[in-house]
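These notes are about the structure you will find just below.
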Amino acid sequence: MQSEFGDKFNHDPWAARYDENVKNESHPIRAGYAAVLDFVAQSCPQTPGAKILDVGIGTGNLTSLLSKEVEVVGLDLSQEMMALAQRKLADGPPVTYVTSDLLAYFEGEHPHFDGIISTYVIHHLTEKEKSRFFDYCWQTLKPGGKAAFGDLMFADLEARQQAIDKFNAEGWEEVALDIDDEFFWLVDSAEAQLKAIGFEVSTRQFSELSWVITAEKPH
Ligand SMILES: C[S@@+](CC[C@H](N)C(=O)[O-])C[C@H]1O[C@@H](n2cnc3c(N)ncnc32)[C@H](O)[C@@H]1O
C-alpha cells in the first residue's frame, strides 16, 4: 500500500532549498527543529553495529547526528533529497538508501531494526495511515528496540483548533492553512495507540508545534 499523499509530499521540488529553510527557526513550523533532531538522535540506540531505520531521511540531517558505528537504512520518496544526504553523509555512518514510499517499504521484505527514527515525515500520513505505521514499527523493531519520532503535533484536538485560531489572528494564515492541509499528530491519540500496541511511551514538547514521542518495545 502506498500512502495516499506520497506524491504530494515527495520533497523533490524543495530539495535545493531545504537545508536553508530549516535553519529559519523564527518560523513556527521550523521552531525547535535542531533541538528535536538532537533529542531523537540521543534517544536512538547507538551501540556499535546497531541497525537503524531513518524513515524519510531527507537530506540526512538526522542521520548525520548518529554515531559512525551504527548501520543505517535511509528511506525516502525523494531522490533529490537523498542525493544531498549522500554527499553530506560521506563521512558519517554507513547508509543504505532506499527509494520507496514508507508504507510500501514496511510491506515488502525488510530487516528488523534496533532503532526506528523519523523527523518531520509522519505528519504527511493520514490518521489511519499513522495507525498502520505504528503497527509496522512494532513488527519491525527487535525486542528491546526503540522508536523516536520528532514531528509537528498538538496535545489534542482542542489545542489544534486553538492554534489555528491563534495563527489566523496573528497573521500566520499560511501556518493555519498548513495545519488544515497536513496531518499534524495528536499526541493524546498517538500515545494511546502506541501504548495499546504494547510500547512504553514518553512525550516531550520542544516548541509550539514540535514534539518528540519515544516508543520502546519491551524485551
Ligand atoms: C519535511 S522532510 C523531513 C526530512 C528529514 N527527516 C528532516 O528531519 O530534515 C519530509 C521528508 O519525507 C519524505 N516523504 C514524505 N512522504 C513520504 C512517504 N510517504 N514515504 C517516504 N518518504 C516520504 C519527503 O520526500 C521528505 O524528504
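Just so you know, all these numbers are worked out from the coordinates, no wet-lab data involved. Since the model is a prediction, treat every value here as computed from it, not as a measurement. Backbone-built Cβ (ideal geometry, glycine too); neighbour counts: all protein chains shown.
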Length-normalised contact order for the chain - Cα pairs under 8 Å, 6+ apart - percent:
22 percent
CD proxy, 222 nm, the chain: helix-only mean residue ellipticity via -39,500 (n - 2.57) per DSSP H run with n ≥ 4, per residue, nearest 500, stands at -11500 deg cm²/dmol
Ignoring solvent entirely, what values of log10 I(q)/I(0) come out of the Debye formula for the chain at 0.08, 0.13, 0.19 Å⁻¹ when each Cα is a single scatterer?
-0.26, -0.70, -1.62
Using the Cα atoms of region 105-146, I'd like the radius of gyration and the largest Cα-Cα distance, Dmax, both in angstrom.
10.6, 28
Give the order of HIS110, HIS219 when sorted by the count of other beta carbons within 10 angstrom, beginning with the fewest.
HIS219, HIS110
Distance from the Cα centre of region 1-59 to that of region 87-166, in angstrom?
10 Å
For region 118-219, with equal point scatterers placed on the C-alpha atoms only and solvent neglected, what are the log10 I(q)/I(0) values from the Debye formula at q = 0.11, 0.16, 0.22 1/Å, to two decimals?
-0.34, -0.67, -1.14
How are the C-alpha pair distances of region 135-190 spread across 10 Å bins, as whole percents from the shortest bin up?
21, 40, 23, 14, 3
Mean shadow of region 81-155, computed from the convex hull of its alpha carbons, in nm²?
6.1 nm²
CYS137: net charge of surrounding residues, Cβ under 12 Å, Lys/Arg +1, Asp/Glu -1, itself excluded?
+3
Testing the spin-label approximation: label points 7 Å from Cα along Cα→Cβ at ASP156 and ASP12. State their distance in nm.
4.3 nm
Going 7 Å from the Cα of GLU69 toward and past its Cβ, which residues in region 95-122 have a backbone nitrogen under 13 Å from where you end up?
none
Dividing the mean separation of Cα pairs under 8 Å (6+ apart) by the residue count of region 177-219 yields a relative contact order in percent of 30 percent
Using the Cα centre of the chain as origin and beta-carbon charges of +1 (Lys, Arg) and -1 (Asp, Glu), tell me which of GLN193, CYS137, SER43 is placed farthest towards the positive end of the dipole.
SER43
Under a point spin-label approximation (7 Å from Cα along Cα-to-Cβ), what is the ALA90-ASP38 distance to one decimal in nm?
2.8 nm
Plugging the Cβ-Cβ distance of ILE197 and GLN2 into 1/(1 + (r/R0)^6) at R0 = 25 Å yields, to the nearest 0.05, a FRET efficiency of 0.65
Which value, in Å³ per residue, describes the convex hull spanned by the Cα atoms of region 1-100?
107 Å³
Taking a point 7 angstrom from the Cα of LYS166 along the C-beta vector, which residues in region 125-152 have backbone N less than 19 Å away?
151-152
